[in-house]
Amino acid sequence: MFRSKFSYSDSKSSYSDLLEDIETGKIESIFFYPRQREIDVLYKNGDKFKIPILYNDQLILEKVTENKVDLTINNSRKEASAANSFASISLFLIFILAIVLILRSTSKLASRAFGFTKNQAKFVTIDDVETRFDDVAGVPEAAEELKEVITFLKEPKKFENLGAKVPKGVLLIGPPGTGKTLLAKAIAGESGVPFLSISASEFVELFVGVGASRVRDLFSKAKEKSPCIIFIDEIDSIGRQRGSGIGGGNDEREQTLNQLLTELDGFADNSGIIVLAATNRPDILDAALLRPGRFDRKIEVMLPDLDGRKKILSVHSLSKPLSSEVDLGYWASRTVGFSGADLANLMNESAIHCARDESKLITDLHIENALDKITIGLRSSLITSPNMKKNYCL
């Protein structure tokens, strides 16, 4: 602006002096600001003054025109209007951006709300699972029963021609670590049909009705992929006896169980779908869940016998450098009451002891140390008295 180009004189000039100076020709130029109540005056002798006038004073304009004084009008309305337009456009863009962000967040919340009732089951194909029945040892009876289930799915006409119905549910019962989930993986690898795997605890939520909705969604997906196998691990999470408690969580669990019972044996036709479930607490399951027509077959996966333990040790030693002097039959006789998971842990601990000794082969000593660690625990240097050692061993 003009006022930044030069400094003003400290002397003062009045409005009446200004009019007189214009008529006498003492003023060289005037800078007029219509939106302000002052003008910048430059005299011929070099003085500069800032003189207050009336708002949009027309008298000054007439005097300047009559006396032919150089007049510069600085109209700031265009600048102000441009600034106002820019501010308006900026506010409009900010408003549009805010609406877009709100709609996006709302759509995400809506999608989460609609997806909240969807089940979390995972489709598994043959290529995704490397486990086969040859990898499962120690439970030959259970493996044979499950092989027959696969035959039901691959050759259903063979049984339908004889009037036999494909079982709707198979329940694997046994202590922890006996290989129930491993058998399920073997079925997924051998069946050749879509395999859905889910944990029963994923059905139960805080809000009542979510679990039942997830059960319906699970079976609707299975119908689209029929023939299909559904594996529900730890089914006692939702399958325990009804009426044993009070509260919202119990109501949600009971509704989920009721929906599961309906899907297993209700008016809807679920032919071609076999539900495979596993639990180590069959005593707490609801009687309606265990009746024929829902879980038709109950397969007990028990602790392995001597021959079974030897086969399990052989399976878990295939990927380990075992010494030729190690007799797995001897160690099978030393591990009475061990489950398949315990035997797998024994061979893993033996490999760890072998690596700790910087040995290339797993020997009987490594297996012995691993067995002592699993059954007795870590060695303690605090027990030094013979009597204390004797009491500790007893």
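Read-outs throughout are calculated quantities, based only on the coordinates presented, and are distinct from any laboratory measurement. Computed from a prediction, not measured in an experiment: that's the story for all the values here. Using ideal geometry, Cβ is built from the backbone for each residue, glycine included, and neighbour counts are taken over all protein chains shown.
Taking amide H as placed 1.01 Å from N in the peptide plane, the amide H of Ile39 sits under 5 Å from that of Ile51, Ile53, each at least 5 places away or on another chain.
Model label points for Lys225 and Leu71, set 7 angstrom from Cα along the Cα-to-Cβ axis, are 8.8 nm apart. For the range 127-230, the fraction of alpha-carbon pairs lying more than 20 Å apart is 49 percent, rounded to a whole number. Note on Thr375/Ala287: beta-carbon distance plugged into 1/(1 + (r/R0)^6) with R0 of 35 Å gives a FRET efficiency of 0.35. Sorting the segments 225-231, 159-165, 184-190, 273-279 by their mean number of nearby beta carbons within 10 angstrom, highest to lowest, gives 273-279, 184-190, 225-231, 159-165. Subtracting the Cα-Cα distance of Tyr43 and Glu62 from 0.36 nm times their residue separation leaves 5.0 nm of extension gain. Remark: spin-label model distance Val336-Asp364 equals 2.0 nm, labels positioned 7 Å along the Cα→Cβ axis. In this structure the amide hydrogen of Asp296, modeled in the peptide plane, comes within under 5 Å of the amide hydrogens of Lys168, Gly169, none closer than 5 places in sequence on its chain. Across the range 149-163, rounded Karplus estimates of 3J(HN,Hα) from the backbone phi angles (6.51 cos²θ - 1.76 cosθ + 1.60, θ = phi - 60°) give 4, 5, 5, 4, 6, 7, 10, x, 5, 4, 8, 5, 5, 9, x Hz, Gly and Pro being marked x.
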